[in-house]
Amino acid sequence: DTLIKTLGLSDFYIKNFGGEFTRYIDFQTSVQDFITKLKVISQHLRYVNNKGITKLKRIAFCAGSGTEFIQEAFENGADALVTGDLKFHTALDIVVFDIGHFESEIMILNVFEKLINNYVKVVRAKEHSPLIYPF
């Protein structure tokens, strides 16, 4: 939910089709325009598009390691899945965007801080992705 909100796509949220980890939006866009939107979150975006899909109508989201939900997303009519960890042999039927595990989850800290700030003092560690991107 936070990932969808951060991308400014909350108005397009349709529903959770039964899985507790995936969310779906109906949002018509081109793959290229959506890549531009995702680069706001991650400059190290990777994606798979084996079928050469150019237009997206339904997009599934699962922060963190969500490649296990690719089939569920496909069965629920998603053209793409946005997740944080992409494995090599996983995406055959839909576009899968890997925005980075760290990048897909770090934004939830602001939500948690707002929820508990009235009850405890919040001290944040200086978090960063453990992965090194030299280029």
If each part is reduced to its alpha-carbon centroid, the stretch 33-73 and the stretch 76-112 end up apart, in Å, by 6 Å
re the stretch 3-46: pairs of Cα atoms spaced beyond 13 Å account for a percent value of 61 percent
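Probe of 1.4 angstrom, ligands and nucleic acids ignored: what's the accessible area per residue over the chain, in square angstrom? The partial results should precede the final answer.
Details: 8600 Å² over 135 residues.
Per-residue value: 64 Å².
My understanding is that a pair violates if its Cα-Cα distance is over 29 Å; which of 15/121; 57/114; 37/114; 37/121; 51/126; 87/114 do that in this structure?
Details: 15/121 34 Å; 57/114 33 Å; 37/114 26 Å; 37/121 34 Å; 51/126 40 Å; 87/114 33 Å.
Correct reply: 15/121; 57/114; 37/121; 51/126; 87/114.
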Quickly estimate the mean residue ellipticity at 222 nm for the chain, helices only: each DSSP H run with n ≥ 4 gives -39500 (n - 2.57), and the total goes over all residues, rounded to 500. -6000 deg cm²/dmol
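Compute the projected area of the convex hull of the Cα atoms of the stretch 37-97, averaged over all viewing directions, and report it in nm² to one decimal place. Show your work: numbers first, answer last.
Numbers: hull surface 15.7 nm².
Averaging across all directions leaves 3.9 nm² for the Cα convex hull.
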At 1.4 Å probe size, with the rest of the protein present, what percent of the exposed accessible area of the chain is carbon and sulfur atoms? 54 percent
Residues with amide H under 5 Å of residue 96's amide H, sequence separation 5 or more or different chain, H placed in the peptide plane at 1.01 Å from N; which? 48, 81
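Using DSSP to define loop residues, name the chymotrypsin sites (Phe, Trp or Tyr not before Pro) in the stretch 34-91 whose beta-carbon has at most 10 other beta-carbon atoms within 10 Å. List each step's numbers first, then the result.
Details: sites: 34, 47, 61, 69, 74, 88; in loops: 88.
Passing sites in the stretch 34-91 are 88.
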Classify the stretch 90-133 from the C-alpha gyration tensor, please: rounded if a/c falls under 1.5, else prolate or oblate depending on whether a/b exceeds b/c. oblate
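The values are calculated or read from the model by the stated rules, or taken from the named source; none is laboratory data. Note that this is a predicted model, so its numbers are computed, not measured. We place every Cβ from the backbone using ideal geometry, glycine too, and count neighbours over all the protein chains shown. Please note that ligands, DNA and RNA were not included when accessible areas were found on the heavy atoms of the full protein model with its side chains. Shrake-Rupley method; radii C 1.70, N 1.55, O 1.52, S 1.80 Å.
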